[in-house]
Amino acid sequence: METLELFESPPPNPRQRLGPAAMVLRGFALPYVQEVVPAIEVIEAISPFRHMETPGGFTMSVTLTNCGALGWTTDRRGYRYTAVDPDTGEPWPVMPEAFARLAIQAAAAAEFDDFEPDACLVNRYTPGARLSLHQDKNERDYGAPIVSVSLGMRATFLFGGHARTDPTAKVPLHHGDVVVWGGVDRLRYHGVMPLKDEPHALMGSRRINLTFRKAG
Ligand code: MD6
Ligand code: FE
């Protein structure tokens with residue numbers, strides 16, 4: 001009886017504010033997991049996860065793929081969005097309907113109405129993988145928010161300010177959490193600390209991050 005009540009009560013802090021137009025939606029993606037995880041397998045069968053090289057000549061520790069009309073890529077020439085997967089020469093896989101629904105609903109829950117994502121970057125982290133502090137600046141206009149969905153192993157998300165040297169908040173992100181940032185917070189620096197190896201019950205020793213954007 002007591003267990004059931006605990007299970008049914010909402011999480012203690014479902015919305016955590018990170019800024020005037022930035023928040024964490026705890027567990028928001030959990031109802032979508034059953035549809036989203038198999039859809040990732042379909043995507044990677046068409047456009048496999050791969051390491052990419054940064055303009056500075058470093059190989060990224062995360063492996064990535066994309067779905068949607070546009071996909072985020074990087075090589076020695078720079079960061080950009082492309083309609084075609086450079087590895088396969090084919091368009092990126094179509095964005096699954098459940099992905100779009102999740103992104104649009106999460107944006108709305110964070111008070112961004114009418115989000116129309118055309119790009120979904122899928123990052124795969126294994127233990128030790130990280131993402132250094134950066135701004136998302138390759139999108140055509142900054143009017144739309146960024147919606148970032150965490151699945152699998154937990155990670156520590158770094159959310160900074162508008163200068164690289166500004167202090168960063170350390171935000172633990174668990175399976176099912178969604179971070180949304182836009183408006184005055186759209187260009188804030190962010191990153192992910194190196195992952196510890198704490199295997200997740202469903203996903204094992206990996207973390208998947210889905211980043212939805214309106215890029216074009
Ligand atoms: C994450 N990714 O993987 C967040 N931004 O948890 C990003 O913030 C990101 O992977 C711009 C370009 C590539 C990325
Ligand atoms: Fe980013």
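Brief remarks on what is shown
- Glu90-Arg50 pseudo-label distance in nm [points 7 Å out on the Cα-to-Cβ vector]: 1.4
- Cα shape, the chain, gyration tensor, a/c 1.5 rule: rounded
- Normalised contact order of segment 39-172, rounded percent, pairs of Cα under 8 Å and 6 or more residues apart: 21
- Restricting the trypsin sites (Lys or Arg not before Pro) of segment 47-118 to loop positions (DSSP other than H, G, I, E, B) with no more than 11 neighbouring Cβ atoms within 10 Å leaves Arg76, Arg77.
- With the charge dipole of the chain set up from +1 on Lys and Arg Cβ and -1 on Asp and Glu Cβ about the Cα centre, the Cα lying farthest toward the positive end among the listed residues Pro117, Ala100, Thr74 is that of Thr74.
- Trypsin sites (Lys or Arg not before Pro) lying in DSSP loop within segment 138-214, provided at most 14 other Cβ fall within 10 Å: Arg140, Arg164, Lys196
- Cα centroid separation - segment 38-75 against segment 109-143, whole Å: 13
- Sites Lys137 and Leu202 - FRET efficiency at Förster radius 35 Å, r taken between beta-carbons, to 0.05: 0.55
- Put a plus charge on the Cβ of each Lys and Arg, a minus charge on the Cβ of each Asp and Glu, and nothing anywhere else: the dipole of the chain about its Cα centre is then about 840 debye.
- Full extension of the chain segment joining Leu30 with Glu116 gains 28.8 nm, where the gain is 0.36 nm per residue of separation less the Cα-Cα distance.
- Rounded to the nearest 5, the antiparallel percentage of DSSP beta bridges internal to segment 50-177 is 95%.
- For Arg80 and Ala98, the difference between the fully extended length at 0.36 nm per residue and the C-alpha to C-alpha distance is 3.9 nm.
- In the chain, the sites counted are chymotrypsin sites (Phe, Trp or Tyr not before Pro) in DSSP loop states with at most 16 other Cβ atoms within 10 Å, and the longest stretch holding none of them, exclusive of the sites, is 59-141.
- Degrees, to the nearest 10: 33-46 long Cα axis against longest axis of the chain: 10
- Each Lys and Arg adds +1 at its Cβ and each Asp and Glu adds -1 at its Cβ; summed about the Cα centre, segment 58-177 shows a dipole of about 680 debye.
Where a number appears in this text, it was derived from the coordinates with a stated rule and is not lab data. If you're wondering where the values come from, they're calculated on a predicted model, not measured in any experiment. Positions of Cβ are generated from backbone atoms using ideal geometry, with glycine treated the same way; all protein chains shown enter the neighbour counts.
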